[in-house]
Amino acid sequence: MRKQIVAGNWKMNTTPEQGVVLVKEILKNLGQSCTTVNYIVCPPFTHLSEVAKVTRGTAVQVGAQNCADEAKGAYTGEVSAEMIASIGAQYVILGHSERRQYYGETSAKLVKRMALTYANGLMPIYCVGETLEERENGKLWDVVKAQIEEVVFTLSDEQFRHLVVAYEPVWAIGTGKVATADQAQEMHAFIRKVLISKFGEAAQKTPILYGGSVKADNAAEIFAKEDVDGGLIGGASLKAEDFLAIGNGFN
């Protein structure tokens, strides 16, 4: 059975104090949520360390929202994978559509980030997904396949066994639009097929998350699909009650 994961990407939200309050609220009510779910929270860098301290020894794991594509050096404003690992985080989100769109992140840079993530004992949550224009022009399959081949296909078999993939249709992020459960399953099955073409049956164990306006009222329908193993949650992860309710979509 694949891992069931609900990961909260807080993006550029919450102050350090607010972030600690939020994660404490999640921990306080965790016992009332689905016990098979692996919860991950990804706060801003400013309070990643404080959140990691609060969650240490608990069932909630911590991830960063990005990492630098260099190990160290004169890169003002960057945060390295080594720094992230040193404070007790376990995951790093890589290739999020907002990073690709707003900051011009390329596959070449993501390959370097992926290598540094693994070198520091972290697990990547690698994001793929198409824009509305690409979907309407019938290019969605080629776009997602290229995002996988250009980055994931550079991994060794051992590295691949420690990968989480997130499918996030760009047109459904923060827009209130949601891919139907059938649309999500169709793409998740396609992603798994592409992964199997390179890594064989090991890809049957790769968690593939759906990201794009997931809420408590649509989570159960989406998570019920065969190849959907959880969600990468944006806005709904900023309230403990909503975040945990999404996890209950697996019940």
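Any residue at all in region 126-135 that is over 20 Å from Val228 (Cα atoms), at pLDDT 95 or above and part of a helix (DSSP H, G or I)?
Within region 126-135, none of the residues are over 20 Å from Val228 (Cα atoms), at pLDDT 95 or above and part of a helix (DSSP H, G or I).
Can you pull out the residues in region 38-88 that are among the hydrophobic types (A, V, I, L, M, F, W, C), in contact with a Cys (Cβ under 9 Å, 6 or more places away or on another chain) and in a loop (DSSP other than H, G, I, E, B)?
Of everything in region 38-88, just one residue is among the hydrophobic types (A, V, I, L, M, F, W, C), in contact with a Cys (Cβ under 9 Å, 6 or more places away or on another chain) and in a loop (DSSP other than H, G, I, E, B), namely Val79.
State yes or no: is Glu25 more than 24 Å from Met83 (Cβ to Cβ) and of a type in the set (Asp, Glu)?
When the stated conditions are applied, Glu25 passes them.
Those residues that are touching an Asp or Glu at 6+ places or on another chain (Cβ under 9 Å), in a helix (DSSP H, G or I) and among the β-branched types (Val, Ile, Thr), I need them from region 136-165; list them, please.
Listed by number, the residues that qualify are Val143, Val144.
From the list Pro43, Pro16, pick out the single residue that is out of contact with any strand residue (DSSP E or B) (no Cβ under 6 Å at 6 or more places or on another chain), surrounded by 14 or more Cβ atoms within 10 Å (Cβ to Cβ) and under 16 Å from Gln90 (Cβ atoms).
That would be Pro43, the only listed residue that is out of contact with any strand residue (DSSP E or B) (no Cβ under 6 Å at 6 or more places or on another chain), surrounded by 14 or more Cβ atoms within 10 Å (Cβ to Cβ) and under 16 Å from Gln90 (Cβ atoms).
Out of Asn13, Asn9, Asn29, report the one residue that is over 28 Å from Pro169 (Cα atoms) and in contact (Cβ under 8 Å) with a residue 60 or more places away in the chain. Before you say what the answer is, go through the steps one by one.
Numbers: Asn13 fails: over 28 Å from Pro169 (Cα atoms); Asn9 fails: over 28 Å from Pro169 (Cα atoms).
Step by step, each of Asn13, Asn9, Asn29 is checked, and only Asn29 is over 28 Å from Pro169 (Cα atoms) and in contact (Cβ under 8 Å) with a residue 60 or more places away in the chain.
Residues in region 97-115: is at least one under 16 Å from the mean Cα position of the chain (by Cα) and either touching a residue at least 60 places away in the same chain (Cβ under 8 Å) or assigned to a loop (DSSP other than H, G, I, E, B) (or both)?
Checking region 97-115: at least one residue is under 16 Å from the mean Cα position of the chain (by Cα) and either touching a residue at least 60 places away in the same chain (Cβ under 8 Å) or assigned to a loop (DSSP other than H, G, I, E, B) (or both).
Taking region 205-224, which residues are surrounded by fewer than 18 Cβ atoms within 10 Å (Cβ to Cβ), touching a residue at least 40 places away in the same chain (Cβ under 8 Å) and assigned to a loop (DSSP other than H, G, I, E, B)?
Ala224
With (1) touching a residue at least 12 places away in the same chain (Cβ under 8 Å); (2) surrounded by 15 or more Cβ atoms within 10 Å (Cβ to Cβ) as the list, and Leu132 as the residue in question, which single condition is left unmet?
Unmet for Leu132, out of (1) touching a residue at least 12 places away in the same chain (Cβ under 8 Å); (2) surrounded by 15 or more Cβ atoms within 10 Å (Cβ to Cβ): (2).
Being crowded, with 20+ Cβ neighbours inside 10 Å, touching a strand residue (DSSP E or B) at 6+ places or on another chain (Cβ under 6 Å) and among the hydrophobic types (A, V, I, L, M, F, W, C) is the requirement here; does Val165 meet it?
yes
Could you give every pair whose Cβ atoms fall below 9 Å, whose first residue belongs to region 42-57 and is aromatic (Phe, Trp, Tyr), and whose second residue is assigned to a helix (DSSP H, G or I) and surrounded by 14 or more Cβ atoms within 10 Å (Cβ to Cβ), counting only separations of at least 6 or pairs across chains?
So the pair list comes out as Phe45/Met83; Phe45/Ile84.
For region 201-215, which residues satisfy the criterion of being of a type outside the set (D, E, K, R), over 15 Å from Cys127 (Cα atoms) and in contact with an Asp or Glu (Cβ under 9 Å, 6 or more places away or on another chain)?
Ala202
The values are calculated or read from the model by the stated rules, or taken from the named source; none is laboratory data. Source: prediction; values computed, not measured. Positions of Cβ are generated from backbone atoms using ideal geometry, with glycine treated the same way; all protein chains shown enter the neighbour counts.
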